[in-house]
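The values are calculated or read from the model by the stated rules, or taken from the named source; none is laboratory data. Quantities reported herein were computed from a predicted structural model and do not represent experimental measurements. So basically every Cβ, Gly included, is an ideal-geometry build from the backbone, and we count neighbours across all protein chains shown.
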Amino acid sequence: MSSNDSIRKTLLVALSLCIVCSVIVSTAAVMLKPVQEVNKTLDRKRNILAAAGMLEQDRSVEEQFAQVKTRVVDLRTGEFTDDVDPATYEPLKAAKNPARSTDLEEDPANIGRREDYSLVYLVENESGELDKLILPVRGYGLWSTLYGFIALESDANTVAGLGFYEHGETPGLGGEVDNPRWKAQWPGKKVYRDGEVELKVVKGSVDASSDLAPWRVDGLSGATLTSRGVSQLVQFWLGERGYKPFLNNLKSGEA
């Protein structure tokens, strides 16, 4: 057998192997996609419950999430809307579409564009009255965009909890946004003071004797820019260009 035949056979075997592997990988990706989507949805529900302090480890996420109602809010009007299906709508994808989002001239959260519609999550008590409200938030820290949820009590002013489910901040520094001890400071804090967003993360520790203590959270040690990023994302999303018009309508019964 000539060397040319040997090389030809080697290349043929290599090509065949590549094709077979490609088919296997592609088939696996297609078959696993539904499972990945289910896990993605389950993880989102788990993070929503955790942000509101409602996640119980000994109960299924689906069972717990049954008490949460998902609605769509038009951020341009601050009103609920049925123009978008909450089961299929993806706000982050909409934010990248100029036809479905708003370019931000002033952008303290550094997100570029804000989607016109957002999903919000309502928890009602046994009487059908609002108990908690969970809102998606995001904004840039030091190295990455932080994605999370902030939960408010029924007065739409008292924080019930805050949690981030995705970020790339430095472990041990900005990554301390995941520290349960730091997150435990948020419940009970107030958002608005004289109608404006006053809630902030300070540098260092909060002075408990200060009149502003109810609106202040301890900063993350060694992570000034991440702390500032959290402040700015909270102030943006709970401000006029975020959920504030909706929260005002909700409190007045006009949402």
Among strands (runs of 3 or more DSSP E) entirely inside segment 123-194, those with 2 or more residues being β-branched (Val, Ile, Thr) and under 20 Å from residue 71 (Cβ atoms) are 130-140
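This table checks each residue for (1) without any contact (Cβ under 8 Å) to a residue 24 or more places away in the chain; (2) aromatic (Phe, Trp, Tyr); (3) out of contact with any helix residue (DSSP H, G or I) (no Cβ under 7 Å at 6 or more places or on another chain).
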residue: 118; (1), (2), (3): no, no, no
residue: 124; (1), (2), (3): no, no, yes
residue: 137; (1), (2), (3): no, no, no
residue: 165; (1), (2), (3): no, yes, no
residue: 169; (1), (2), (3): no, no, no
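Conditions (1) of a type outside the set (A, V, I, L, M); (2) in contact with a strand residue (DSSP E or B) (Cβ under 6 Å, 6 or more places away or on another chain); (3) closer than 26 Å to residue 120 by Cα; (4) part of a loop (DSSP other than H, G, I, E, B), marked per residue:
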residue	(1), (2), (3), (4)
203	yes, no, no, yes
211	yes, no, no, yes
221	yes, no, no, yes
239	yes, yes, yes, yes
242	yes, no, yes, yes
246	yes, yes, yes, no
251	yes, no, yes, no
255	no, yes, yes, yes
Out of segment 145-197, which residues are over 18 Å from the mean Cα position of the chain (by Cα) and of a type in the set (S, T, N, Q)?
-> 154, 157, 158, 170, 185
Which of the residues belonging to segment 116-141 are acidic (Asp, Glu) and under 23 Å from residue 49 (Cβ atoms)?
-> 124, 126, 129, 131
Which of the residues spanning segment 226-255 are of a type in the set (A, V, I, L, M), at pLDDT 95 or above and in contact with a helix residue (DSSP H, G or I) (Cβ under 8 Å, 6 or more places away or on another chain)?
-> 230, 238
Sort out which residues of segment 211-231 are among the hydroxyl-bearing types (Ser, Thr, Tyr) and either buried (at least 19 other Cβ atoms within 10 Å of the Cβ) or in contact with a Lys or Arg (Cβ under 7 Å, 6 or more places away or on another chain) (or both), and write them in order of number.
-> 224, 226, 227, 231
Taking interchain pairs and intrachain pairs at least six residues apart, which have beta carbon atoms under 6 angstrom, with the first residue in segment 240-255 and in contact (Cβ under 8 Å) with a residue 24 or more places away in the chain and the second of a type in the set (Val, Ile, Thr) and not in a helix (DSSP H, G or I)?
-> 246/73
Which pairs have Cβ atoms under 8 Å, sit 6 or more apart or on different chains, and link a residue in segment 64-85 that is exposed (fewer than 13 other Cβ atoms within 10 Å of the Cβ) and assigned to a loop (DSSP other than H, G, I, E, B) to one that is at pLDDT 95 or above and not β-branched (Val, Ile, Thr)?
-> 83/74; 83/117
Selected residue (criterion: surrounded by the fewest Cβ atoms within 10 Å (Cβ to Cβ)) from residues of segment 174-196 that are touching a helix residue (DSSP H, G or I) at 6+ places or on another chain (Cβ under 7 Å) and not β-branched (Val, Ile, Thr) | 193
Picking from 234, 201, the residue that is crowded, with 22+ Cβ neighbours inside 10 Å and free of Cβ contacts under 8 Å to residues at least 40 places away in the same chain would be 201
Based on what the data block shows, is residue 146 at pLDDT below 95, touching a helix residue (DSSP H, G or I) at 6+ places or on another chain (Cβ under 7 Å) and hydrophobic (A, V, I, L, M, F, W, C)?
-> no
Segment 87-106 - residue that is surrounded by 15 or more Cβ atoms within 10 Å (Cβ to Cβ) and in contact (Cβ under 8 Å) with a residue 24 or more places away in the chain and, of those, farthest from the chain's Cα centre (by Cα) = 104
